[in-house]
1. Given the rule -39500 (n - 2.57) for each run of at least 4 DSSP H residues, summed and divided by the residues of chain B, what is its mean residue ellipticity at 222 nm, to the nearest 500 deg cm²/dmol?
2. Relative to the longest principal axis of the C-alpha atoms of chain B, give the angle of the C-alpha long axis of helix B:39-49, reported between 0 and 90° and rounded to the nearest 10°.
3. Run the helix sum for chain A: -39,500 (n - 2.57) per DSSP H stretch of 4+ residues, divided by residue count, reported at 222 nm to the nearest 500 deg cm²/dmol.
4. For a label point 7 Å from the Cα of residue B:104 along Cα→C-beta, name the residues of the stretch B:42-56 whose backbone N is under 15 Å from it.
5. Using a cut-off of 14 Å between beta-carbons, work out the net charge of the residues near residue B:89 (Lys and Arg +1, Asp and Glu -1, residue B:89 not included).
6. Considering only the other residues whose Cβ falls under 15 Å of the Cβ of residue B:102, what net charge follows from Lys and Arg at +1 and Asp and Glu at -1?
7. For the protein assembly as shown, list log₁₀ I(q)/I(0) at each q in 0.07, 0.13, 0.17 Å⁻¹, using the Debye formula over Cα point scatterers of equal strength and ignoring solvent, two decimals each.
8. Where does the charge balance sit around residue B:111 when Lys and Arg score +1, Asp and Glu -1, over other residues with C-beta under 11 Å from its C-beta?
Amino acid sequence: MLLIRCPFCRMERPELEFRHAGAAHRLRPADPAAVSDRDWGEFLHDRDNIRGITAERWHHVHGCGRFFNALRDTVSDVFLATYEPGAPRPDVPGAGQ
Amino acid sequence: MDEAPSPETAEMPPLLNRPGFARLLPVLGLGRLVFRGVPAAEARLGAALGLALPAINRMVHRGERGEPGARALMRFGPDELLLLLPRGELESAIAAISQACAAEPHILVDVSDRHLGFVLEGPAVAAILHSGCPLDLDPRAFPVGMATRSLFHKAEILLWRIAPMLFRIETGRSFAPYLVAQIGAGARDLG
């Protein structure tokens, strides 16, 4: 089992307590009505599906209940960093895109 | 467990009773209040209760469960506090807290009937809990005074440690028969 560090609990917690919650750093347009159908479709559906280091939202659903962001390597399943939502994506060696 | 045990019910027999190993007892007559609010509201709550506010995944208490005036306060999320108190003192406590915090944004909800609580005590408690809970329950990782939400098999639980060999567990009331059965199975597996 993986141990994932929750940035709100400030401790490593078992993977079973968490739920994946999609891609991180995707901002909803402030005025969706002003967005073209193509851009709105991209916002809703287009995902990068990166092979390597990707930024994801995770939810500590059976713990503190908070959402946070994580950098995870999709090849090795290693969590490189977790951080609070709103914080910039941290620089992690080897995490360049 | 078809009927909710009323607080007035006489002491129920243990659900698991193996001297020198572990005992599982239901907890009755407990009132539960969820409090969420801005930091200023939390400060007023702490002052009203006479308790220091706990850090996340920690508990503080005054008095022992069952005693008049006993209070236990624990923090399960950054702004999520749970207050346990004797059920008979619910109304007066709600009134007192509402009055103390009236000037600050907060919510105070009576969730007394949401959970059923249990005491699990004895030398084997950590081993039994490990049969279904993925947390590290070594006292270095889960010290006395730690309180957290987690899982026991498929049931979400609240778990806190009162003494090295004494835990409190709560779960949603519809999960309680499942929790008791799984704790019993975990105890049997240990021999």
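The values are calculated or read from the model by the stated rules, or taken from the named source; none is laboratory data. Note that the structure is a prediction, hence the values are computed from the model and not measured. Here the Cβ positions follow ideal geometry from the backbone for every residue, glycine too, while neighbour counts run over all protein chains shown. Ligands, DNA and RNA are excluded from the accessible area calculation, which covers all protein heavy atoms including side chains. Shrake-Rupley method; radii C 1.70, N 1.55, O 1.52, S 1.80 Å.
1. Estimated from H runs of four or more residues: -6500 deg cm²/dmol.
2. 80 degrees
3. Computed mean residue ellipticity for chain A: -2500 deg cm²/dmol.
4. Correct set: B:42-55.
5. Net of charged neighbours comes to +2.
6. -1
7. -0.33, -0.98, -1.34
8. 0
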